[in-house]
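Undergrad: After the structure tokens below, expect a handful of questions from me.
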Amino acid sequence: MKKFTWRKLFNDVHLWLGIASGLVLFVVCLSGTIYTFREEVEQLMDPEKYTVEVPANTPAMAPSALISQLERELKGQVTSISIPADEASTYTISVAPAQTERKPEGRPKQGRGEQKEGRGGEGGGRPATYYVNPYTGQVVGTPESATSEFFTTVMKLHRWLLVEGEVGKIIVGISTIIFFFLVLTGLFIWIPAKAKNWKQGLKIKTNANWKRVNHDLHNTLGFYSSLLLLVMAITGLCWSFGWYRDGLGKVLGAEVFKGRREKPMSVAAAPSPALSVAQFIAKANELLPYAGDLRVSLPADDTTAVVLQKSKTGFFALAASDKVQLNPYTAEALQVDRFSDKAFNEQVASLIKPLHVGNVFGTFSKILYFIACLVATSLPITGTLIWLNKLRKKSNKKSRRSTATQLAG
């Protein structure tokens, strides 16, 4: 009987967990790899929807004029407008269907355009998204496309294996838990039995036979990508299990996905017209004096604050936004929520999605995540080959022993 060792235990756990979840993890990791650069691929496939030619000596239309024009043409109500820092990019506009009920008499007309009470509220329906040329006001496209449909399918494959309902989500969630322990046991196995051999786990011996190369690909690349893979697993479970999401929030001391439930502040209705969107933007830029992408969420009624979110852009830009809430009648700052002012645990909780999808530090981290996820996709394959090679080796040993026994007899 072989002597018990921790290495053997972890090796066995690693092996059987990998066999149990390998196929699901291959699909989840492959779909995650493909999804990493969704935005960039969509912009590459349909550039006319995302970029415009900047006319010489012609400024972009005033936001209020643009909103009024779109509300007339689309027969709806603009609920938000996203203004990128890049002047050659289109604006993203959300438009809700027009309200059917008649506007009460005596209600002050809004300064942003002829908008009615209840933007996207009761009876308004869900807003539609349009890409708009900021210099002409022309609608150049919508998010719907063959590329977008493809990535939506990839996302469904990643989230619940295209199995509608809770079943697919649970399968992916359990496989993700297994993946977490696979990474941990893999790290333990990676530690060499003899300290003097520690360098062997840091490089791939390309001049060896294919079995050794395959082993090094699994062992070495798994080690280098392990930190990011652990982050992906820890954050990914937030979409699979509510109990896990709530538990992680308690551990962090800050609610995960808190922004989904946050609503704009309330203000007292005033007899005077609301200020223009340009005035709101000017106030936000005064409070947040840096260049960046800006999103303006317009009030749903006369007693709701205007919400502006601003985020920095760039190759290493942090995927975090600062938020300002303004009184729509005076542009008074009701609340200024800067990401840098948050406690570290609150920052982490608000970055769960960027930490999972990879854009936490802009394009730089997306490249790292893409590589790590590609490695994760290969691990079930290289791991299976290692297992098959070991089985074949054991089978050959048994055959040789049997032959030797027969000859001796």
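The values are calculated or read from the model by the stated rules, or taken from the named source; none is laboratory data. For clarity, every value in this text was computed on a predicted model and none was experimentally measured. Using ideal geometry, Cβ is built from the backbone for each residue, glycine included, and neighbour counts are taken over all protein chains shown.
Undergrad: Confirm whether V213 is β-branched (V, I, T) and closer than 21 Å to T384 by Cα.
TA: Working: β-branched (V, I, T): yes; closer than 21 Å to T384 by Cα: yes.
Considered against the rule, which asks whether it is β-branched (V, I, T) and closer than 21 Å to T384 by Cα, V213 comes out as yes.
Undergrad: Which of the residues that make up region 131-176 are in contact with a Leu (Cβ under 7 Å, 6 or more places away or on another chain) and assigned to a helix (DSSP H, G or I)?
TA: The answer is K156, G168, I171, V172, G173, S175, T176.
Undergrad: Restricting attention to region 260-281, and to residues there that are in a helix (DSSP H, G or I) and in contact (Cβ under 8 Å) with a residue 12 or more places away in the chain, which single residue is nearest to I93 (Cα to Cα)? Write out each step before concluding.
TA: Looking only at region 260-281, we keep the residues that are in a helix (DSSP H, G or I), and these are 260, 277-281.
Add one more test, that the residue is in contact (Cβ under 8 Å) with a residue 12 or more places away in the chain, and what stays is 277-281.
On the way: V277: 13, A278: 15, Q279: 18, F280: 17, I281: 16 Å.
Per the criteria, the residue is V277.
Undergrad: Out of (1) without any contact (Cβ under 8 Å) to a residue 60 or more places away in the chain; (2) in a helix (DSSP H, G or I); (3) buried (at least 16 other Cβ atoms within 10 Å of the Cβ), what's the single condition that is false for E286?
TA: Only one criterion in (1) without any contact (Cβ under 8 Å) to a residue 60 or more places away in the chain; (2) in a helix (DSSP H, G or I); (3) buried (at least 16 other Cβ atoms within 10 Å of the Cβ) is unmet by E286, namely (3).
Undergrad: Restricting to region 35-63, what's the tally of residues that are more than 25 Å from G314 (Cβ to Cβ) and either outside the structural domain of V139 (by TED's automatic domain parsing) or touching a residue at least 40 places away in the same chain (Cβ under 8 Å) (or both)? I'd like the intermediate steps shown before the answer.
TA: Going through region 35-63, the residues more than 25 Å from G314 (Cβ to Cβ) turn out to be 55-58, 61-62.
Next, from what is left, pick out any that are either outside the structural domain of V139 (by TED's automatic domain parsing) or touching a residue at least 40 places away in the same chain (Cβ under 8 Å) (or both): 55, 58, 61-62.
Looking only at that region, the number is 4.
Undergrad: Residues of region 60-93 being more than 20 Å from Q279 (Cβ to Cβ), of a type outside the set (V, I, T), buried (at least 18 other Cβ atoms within 10 Å of the Cβ) and under 23 Å from the mean Cα position of the chain (by Cα), which ones?
TA: Residue satisfying the conditions is S89 alone.
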